[in-house]
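These notes are about the structure you will find just below.
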């Protein structure tokens, strides 16, 4: 069996999770041949776990330049995602980029252009797309069998993080280091799923609160109101400050309602389209007959390892990816729009003004405080699983 | 047993429900002595049900002027609530006013002033305050045992109405006749409960959509974002266009989370205040121990009849009301603020500019279309019960 030679750039929290999956053979046909990390301690950790056969680099660009890898997995701080992806793609190396695609869409659009010009495979680590519940939701919504979307409410407030978490890395939760808070770090999955399942809204009005619950300079609390091209509306509510939080994703359609909560997906299926019933009923208060159906799924939820297996399959056998790299820009556009709306204190339409966003972001980067605490490695394996 | 002589002004849908409760003796110590309605058919209905002993009037002011009643129950279109209440209070007649208190707070403030100057009892028909679930929520939130509120999310989209409903009365769903849509007709209970349980927000940004699902000129779809004086945020989402709708009221506090849904109230109680845990924890991802407690209530939910029994008790024995009349202005202020925010396309602070609101409302009343369909009486008994 042929294996693809892969290098991991950034062996921090999530990079280490990937490395272990690869080494255990859980992630498909990979041979770990290189790793890059600026931290001597992390390089030493790789040496201990992966042995002498793995080439170690301090800097990602050197790993790419060495040419020892056919594919790279990019798991460094967000700002570097586009530049490293572009470098690798131009070298013809396949790229798996961790989420988010970047910090601002202008850079990500350049990355996508590089991907279009390259023959290499470009993939995004949207591991939540492997979750059977979200796959099924997408299938039900996108198939059209339930008609058009009328309302989307996602309360996703179970991203609790302590102050200790924010103090664990100097880049964390700073405009200069991370470029945002809960929208950039925790929510890329949710924002991607939101657009993957429901499509892109046409405008956003968001209320981002910076350092509301934690001693950080970026947002840790967001409420966003969304309007879709067909007139549907929605809210997206998130925070890292609530415990216990809620993860309740509700999509109301003309033919019924989907509610995903507590690891279950339930379909409330109307016997008649509500838009028709509303006009035809000969009384004031009745509603169409509605059947409550616990939705069956295939039960599969292979997460990061599944995304990596599909990536290997795409390279070796032309199989479909879980998420094409160029799709990463959509969730980031949602995130950028929420920030921009909040900063400008007004509704913003899609596509957003990318230059204005970058200008506003750069102002915040310029006055960003640099944290002095030393970086702490956390064993987060198992905390990304659902 | 002494009974209080009461008259009902407006014997339409809800007025008829009240009349039946009174006649069956379910509503406390009342003697129905008069009724007023502009419709000959409705007066005839009262005559048939209540007999010759009840004095009938075409106009509410004449019923009040007659002096045959010690108390009046006002169940006419919203605009007339303040003027009729003021007239009765100034005559020394006790007043039970249907919700909403009025259409605009400026008129309601005058009504409240009249109530302050009167020795008569002034009560508001906030029958949902009798619901054991909401009473228990209020008790848990207001006692302070769970600490400060952090987030309030009420998705209350189960107010579905058909076009037939809106066509059933010429005054319905017009700026001139009703002064608003779902916020004025269906949601006064929810807006009252929201402030009764969680207190008043300090500012509101709302998105009201007019005639979105129905052929009406007022709003049938609202998403509102709320900010509270302590920094807590919230959303209030409602419509008459969704079926099946949702009624999920979630309050996150420092000590845990309350979720009221499907006729159940559940408390997720933290072992430690989250604001303390967040700062003290020595890891990044953990949360405090949390116990999930199905909250027991007294199971009582006496609704309209219960509100009327308390009203009789207040008059006869000085017992507490379910809702003092002067409190009606709070929910209406929320409603007015949501309209105004949406009309002005910006955030509005409390107290809102009452003159500006009235000016904006009057502009809409001036161009309001008068519906020509004839009024249809609906037997709605049983549709107000929860």
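The values are calculated or read from the model by the stated rules, or taken from the named source; none is laboratory data. Because the structure is a prediction, the values reported are computed rather than measured. Heads up, the Cβs are rebuilt from the backbone with ideal geometry, glycines too, and the neighbour counts pull from every protein chain shown.
Looking at A:83, A:58, A:26, A:70, just one residue is within 21 Å of the chain's Cα centre (by Cα), at pLDDT 95 or above and surrounded by fewer than 24 Cβ atoms within 10 Å (Cβ to Cβ), and that residue is A:83.
Of all residues in segment B:86-107, those satisfying the criterion of being surrounded by fewer than 22 Cβ atoms within 10 Å (Cβ to Cβ) and in a loop (DSSP other than H, G, I, E, B) are B:91, B:92.
If I filter segment B:292-321 down to residues being on the phi > 0 side of the Ramachandran plot and in contact with a helix residue (DSSP H, G or I) (Cβ under 8 Å, 6 or more places away or on another chain), which single residue comes out as farthest from the other protein chains (Cβ to nearest Cβ)?
This residue is B:299.
Can you name the residue in segment A:191-222 that is more than 8 Å from chain B (Cβ to nearest Cβ) and either in a strand (DSSP E or B) or at pLDDT below 95 (or both) and is also surrounded by the fewest Cβ atoms within 10 Å (Cβ to Cβ) among such residues?
Checked segment A:191-222; the qualifying residue surrounded by the fewest Cβ atoms within 10 Å (Cβ to Cβ) is A:203.
Among the residues here, residue A:289 qualifies as within 11 Å of chain B (Cβ to nearest Cβ) and surrounded by fewer than 22 Cβ atoms within 10 Å (Cβ to Cβ).
Selection over segment A:251-268 of residues that are crowded, with 23+ Cβ neighbours inside 10 Å and at the interface with chain B (Cβ under 8 Å from one of its Cβ atoms) gives a count of 3. Give segment B:269-285 a look and list any residue that's surrounded by fewer than 21 Cβ atoms within 10 Å (Cβ to Cβ) and either within 7 Å of chain A (Cβ to nearest Cβ) or at pLDDT below 95 (or both), or say none. If the condition is that a residue be surrounded by fewer than 21 Cβ atoms within 10 Å (Cβ to Cβ) and either within 7 Å of chain A (Cβ to nearest Cβ) or at pLDDT below 95 (or both), then B:279, B:281, B:282, B:283, B:285 are the ones that fit. Quick one: is residue A:225 touching a strand residue (DSSP E or B) at 6+ places or on another chain (Cβ under 9 Å), within 11 Å of chain B (Cβ to nearest Cβ), buried (at least 22 other Cβ atoms within 10 Å of the Cβ) and farther than 24 Å from residue B:155 by Cα? No; evaluated as a whole, the condition is false for this residue.
For segment B:143-168, the tally of residues that are more than 10 Å from chain A (Cβ to nearest Cβ) and either within 20 Å of the chain's Cα centre (by Cα) or part of a loop (DSSP other than H, G, I, E, B) (or both) stands at 9.
I'm trying to understand the selection: among the residues of segment A:116-125, which are assigned to a helix (DSSP H, G or I) and either under 18 Å from the mean Cα position of the chain (by Cα) or crowded, with 22+ Cβ neighbours inside 10 Å (or both)? Result: no residue meets the conditions.
Going by the conditions given, is residue A:241 facing chain B (nearest Cβ under 9 Å), assigned to a strand (DSSP E or B) and touching a helix residue (DSSP H, G or I) at 6+ places or on another chain (Cβ under 9 Å)? Steps first, answer last, please.
On the way: facing chain B (nearest Cβ under 9 Å): yes; assigned to a strand (DSSP E or B): no; touching a helix residue (DSSP H, G or I) at 6+ places or on another chain (Cβ under 9 Å): yes.
Judged against the criteria, residue A:241 is not a match.
Looking only at residues in segment A:31-55 that are within 15 Å of residue A:71 (Cα to Cα) and within 26 Å of the chain's Cα centre (by Cα), the one that is surrounded by the fewest Cβ atoms within 10 Å (Cβ to Cβ) is A:31. When you check residue A:236 against the structure, is it assigned to a strand (DSSP E or B), within 12 Å of chain B (Cβ to nearest Cβ) and surrounded by fewer than 24 Cβ atoms within 10 Å (Cβ to Cβ), yes or no? Here the answer is no, as residue A:236 does not meet what is asked. Pairs linking a residue in segment B:191-210 that is farther than 22 Å from residue A:224 by Cβ to a residue that is modelled with pLDDT of 95 or more and part of a strand (DSSP E or B), with Cβ atoms under 6 Å and 6 or more positions apart or on different chains, are B:210/B:219.
Could you identify the single residue in B:300, B:359 that is at pLDDT 95 or above and within 23 Å of residue B:82 (Cα to Cα)? Break it down into steps so the answer makes sense when it comes.
Details: B:300 fails: within 23 Å of residue B:82 (Cα to Cα).
On inspection, the qualifying residue turns out to be B:359.
Where strands (runs of 3 or more DSSP E) fall wholly inside segment B:254-357, the ranges with 3 or more residues that are closer than 15 Å to residue A:244 by Cα and free of Cβ contacts under 8 Å to residues at least 60 places away in the same chain are B:264-270, B:290-294.
Among the residues of segment A:169-190, those that are away from chain B (no Cβ under 14 Å), in contact with a helix residue (DSSP H, G or I) (Cβ under 8 Å, 6 or more places away or on another chain), in a loop (DSSP other than H, G, I, E, B) and buried (at least 24 other Cβ atoms within 10 Å of the Cβ) comprise A:179, A:180, A:187. The single condition from (1) out of contact with any strand residue (DSSP E or B) (no Cβ under 6 Å at 6 or more places or on another chain); (2) closer than 22 Å to residue A:260 by Cβ; (3) surrounded by fewer than 22 Cβ atoms within 10 Å (Cβ to Cβ) that residue A:110 fails is (2).
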